[in-house]
Amino acid sequence: MTLTSTSAMNVARVLTEALPYIQRFTGKTIVIKYGGNAMVDEALKSGFARDVVLMKLVGINPVVVHGGGPQIGQLLAKIGKQTEFVEGMRARNAPERKAPEIIDIGPVGQVSGIDPGVVDLLLHGNFIPVVAPIGVGEDGCSYNINADLVAGKMAEVLGAEKLMLLTNAAGVLDKNDKVLSGLTAREVDALIADGTIYGGMLPKIRCALDAVQSGVKTAHIIDGRVEHAVLLELFTDEGVGTLIRG
């Protein structure tokens, strides 16, 4: 089918806008935390998989760290109404008179170190590493770790160009609910201090800050509910979320 002149112009615009970014990021490692709606919606899942494969094909090295927040929330909802799942893998009691049921979501840990050897081997072997946020303690037990935290530490260890955190929000918002498209570490600190950034966004923003202050070039908090959000943030001038620089 022959392109119309309008369609041809749109294709040309997309390619000319994307090509400089493709050249810039060829050979670079980008760590992506995959979670939220992008992990449960069928169309978004398919689009994300295609986007990551495309990144690999044009010479970029994507590393995916997957989370399971929505799945944990669904499990808690099935078990009972005595608890309420909130971001950060914490549970608090719902306002009911009877004693709340204790729900065990497994041992939860922090990152003390990452051995990048296996990930490096996969990257150089033309694979796309997909990392579960599970660690092994000194006692030999497995520990569940917050996926944002794992992705941030992985980006630091690998010397990644970018850390991308997919979330169920449009990005970091100002007090008028407008997306702040670009922030420095100093500006983020000020927004936390005045209460603009609060609640469930705080762990993500702190993870992003830690990454850029530890050598990662930029961190991005992007809307995983948008189809092809990763490519739009990576290959377009405007992006679909908040970019944070050190």
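Rounded to the nearest 20 debye, the dipole magnitude of segment 142-182 is 40 debye, with +1 charges on Lys and Arg beta carbons, -1 on Asp and Glu beta carbons, and the Cα centre as origin.
Positive contributions from Lys and Arg (+1) and negative ones from Asp and Glu (-1), summed over other residues with Cβ under 14 Å from the Cβ of Ala185, come out at +1. Rounded to the nearest 10 square angstrom, Ser7 shows an accessible area of 50 square angstrom against a 1.4 Å probe. Taken over segment 178-241, the percentage of Cα pairs per 10 Å bin, counting from 0 up to the bin with the maximum distance, is 19, 51, 28, 1.
Run the count for segment 128-240, please: Lys pairs, Cα-Cα under 19 angstrom, 8 or more apart or on different chains. Counting lysine pairs in segment 128-240 gives 8. Sparsely packed loop sites in segment 208-246 (the GluC sites (Glu not before Pro) outside DSSP H, G, I, E and B with at most 14 other Cβ atoms within 10 Å) comprise Glu238. Once you list every other residue whose beta carbon is under 13 Å from the beta carbon of Pro133, what net charge do they have if Lys and Arg are +1 and Asp and Glu are -1? Around Pro133, the charge tally is +1. Electrostatic bookkeeping for Asp210 treats Lys and Arg as +1 and Asp and Glu as -1; over the other residues with beta carbon under 9 Å from its beta carbon, the sum is +1. Each Cα pair under 8 Å and six or more residues apart adds its separation to the average, and for segment 134-246 the resulting relative contact order is 34 percent. Please state the shape class of segment 134-238: rounded when a/c is under 1.5, otherwise prolate if a/b exceeds b/c and oblate if not, all from the C-alpha gyration tensor. Prolate, since a/c reaches 1.5 and a/b exceeds b/c.
The values are calculated or read from the model by the stated rules, or taken from the named source; none is laboratory data. It should be emphasised that the depicted structure is a prediction, and the values quoted were computed from it without experimental measurement. Reconstructed Cβ throughout: ideal geometry from the backbone, glycine too, with neighbour counts over all protein chains shown. For the accessible areas, the whole protein counts, side chains as well, though only heavy atoms, and no ligand, DNA or RNA atoms are used. Shrake-Rupley method; radii C 1.70, N 1.55, O 1.52, S 1.80 Å.
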